[in-house]
Amino acid sequence: MSLPDPTADAPLLPLARFRLKFAPATAADAGKLASLRDAYLGSAWRGAFGHALKQSVCVTKLAECDDCPLVGSCPYPYLFESRTPAGAEKLRRYPFTPGPYVFEPGQPMQGALHLAATLFGPAIEHLPTFVQALSRAARRGLTSRRVALEMAGVEAECPPAGGQQAQWQLVHEPRRPGSVLRSTRPAAYAPPGQVPAAVRVRLLAPLRIRQNGRNVGPRDLDARALSGALVRRVSLLTHFFSDTPLETDFAALLRHAGSIRLEDVELRWRDGARRSSRQAATVPLGGIAGRFVLRGDLAPLWPFLWLGQWTHAGKGCSMGLGRYVLDAAPGAGSQKADWPSPVPL
């Protein structure tokens, strides 16, 4: 099997991106809002979302979804505990698939807190349920400080067109009478046709890659390790959440990645941890932070590098880890204005 053509063979993953704005529920919560700066909010949001989603949609109240007769139709296992379908070609040995969403948490700013979320494939149809669960989670309170928040608005990202940057559009105001949140149409974020000779990768959240049972550190990261994480991530998402599963020669892609150089490397290890109520333990969340330039023949990997800006890469993607954006690098042969990257918070 040959290497993919960067335009004809680009993996197609329908997705939709949203931004939710929250305001402190009370004056006391406003005073505690600054305490959220010290927390890893991706983990806090994901945990609170899972609890709130189950409370919102579970009708049997069984402790385990596997014992429930509604497990095949309930939004909770689909969105939060996505199970590997019987007879699946991928992940046959694993009970769960990657979740059909990622969170991109913002920090408290001007008395408000933002949370961006990207939904993949059929999960977009569950947007009202998804948002309602987040609203319920926010009212219950985030982190051990129980900072209670009220949802103030929901915005959708309008897909970029004609080389222009995407924009946010208000689609729901909970406090406005008659404001109804409906599912939106997915978009395919195809890569630009012009492949640069080099690209700068800026890590916006720790990149956590495991190889041979150990973490890939700043000195170990190379194009092959990054490409392996990206191709695996995109392959699984397109397999389970799109009508066009990725078909490519993974081994050839990784061999090609070995010819791509990392330059202008500014990387460090960033420690982090979260408390897992399920495991009753503290789970490490450390990963690589910083930036670097990829230089070489990027064409075969360009679709994966591009789509990875929305899917993230590595472990912990659903809670926001592995998030990055691409910038033009000196001598890249392309201009940043031609690249409609994800709109920041």
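Any idea what the dipole of region 33-154 comes to, in debye rounded to 20, about its Cα centre with Lys/Arg Cβ at +1 and Asp/Glu Cβ at -1? Walk me through the intermediate numbers first.
Working: 13 positive and 9 negative charges, 54 e Å.
The calculation lands at about 260 debye.
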Assuming 0.36 nm per residue, please report the length gained on full extension of the stretch residue 56 to residue 28 beyond their Cα-Cα distance. 7.4 nm
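Among 316-323, 222-229, how do they line up by average Cβ neighbours within 10 Å per residue, starting with the highest? Mind dumping the intermediate values first?
Working: 316-323: 25.0, 222-229: 21.4.
Going from most to least packed, we get 316-323, 222-229.
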Kindly express, to the nearest 10 degrees and within the range 0 to 90, the angle between helix 127-140's C-alpha long axis and the longest C-alpha principal axis of the chain. 60
What ranking, highest mean first, results for peptides 173-181, 131-139 when packing means the other Cβ atoms within 10 Å averaged over each residue? 131-139, 173-181
In whole Å, what are the Cα extents of the chain along the three principal axes, biggest one first? 54, 47, 40
With labels modelled as points extended 7 Å from the Cα through the Cβ direction, what inter-label distance (nm, one decimal) is found for residue 70 paired with residue 158? 3.8
Need one word for region 14-134: rounded, prolate or oblate. Basis is the Cα gyration tensor (sqrt eigenvalues a ≥ b ≥ c); a/c below 1.5 gives rounded, then a/b vs b/c decides. prolate
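Give, in nm to one decimal, the length gained when the segment between residue 167 and residue 180 is fully stretched (0.36 nm per residue of separation minus the Cα-Cα distance).
Fully extending the segment from residue 167 to residue 180 adds 2.6 nm.
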Net dipole in debye of the chain [+1 Lys, Arg Cβ; -1 Asp, Glu Cβ; about Cα centre; nearest 20]: 1200
With the crude spin-label approximation of a point 7 Å out along Cα→Cβ, what separation in nm comes out for residue 215 versus residue 251? 3.2
Near the amide H of residue 152, under 5 Å away, which other amide H atoms are found, from residues 5 or more places off or on another chain, if H is placed in the peptide plane? 21, 22, 23
Of 35, 80, 132, farthest towards positive along the dipole that unit charges on Lys, Arg, Asp, Glu beta carbons give region 27-145: 35
How much length is gained if the chain between residue 244 and residue 283 is pulled fully straight, taking 0.36 nm per residue apart and subtracting their Cα-Cα distance, in nm to one decimal? 10.6 nm
Residue-normalised value, i.e. accessible area per residue, for region 99-204 at 1.4 Å probe, in Å², stands at 47
Nearest 10 degrees is fine. How inclined is helix 302-311 to the longest principal axis of the chain, computing both from alpha carbons? 10
Cα long-axis angle, helix 223-241 against the chain (0 to 90 degrees, to the nearest 10): 50
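Hey, got the dipole for region 29-87? About the Cα centre, +1 on K and R Cβ, -1 on D and E Cβ, debye to the nearest 20? List each step's numbers first, then the result.
Working: 6 positive and 6 negative charges, 38 e Å.
That gives a dipole near 180 debye.
The values are calculated or read from the model by the stated rules, or taken from the named source; none is laboratory data. Quick caveat, the model's predicted, so the values are computed rather than measured. Positions of Cβ are generated from backbone atoms using ideal geometry, with glycine treated the same way; all protein chains shown enter the neighbour counts. We work out accessible area using only protein heavy atoms, side chains counted, and drop any ligands, DNA or RNA first. Shrake-Rupley method; radii C 1.70, N 1.55, O 1.52, S 1.80 Å.
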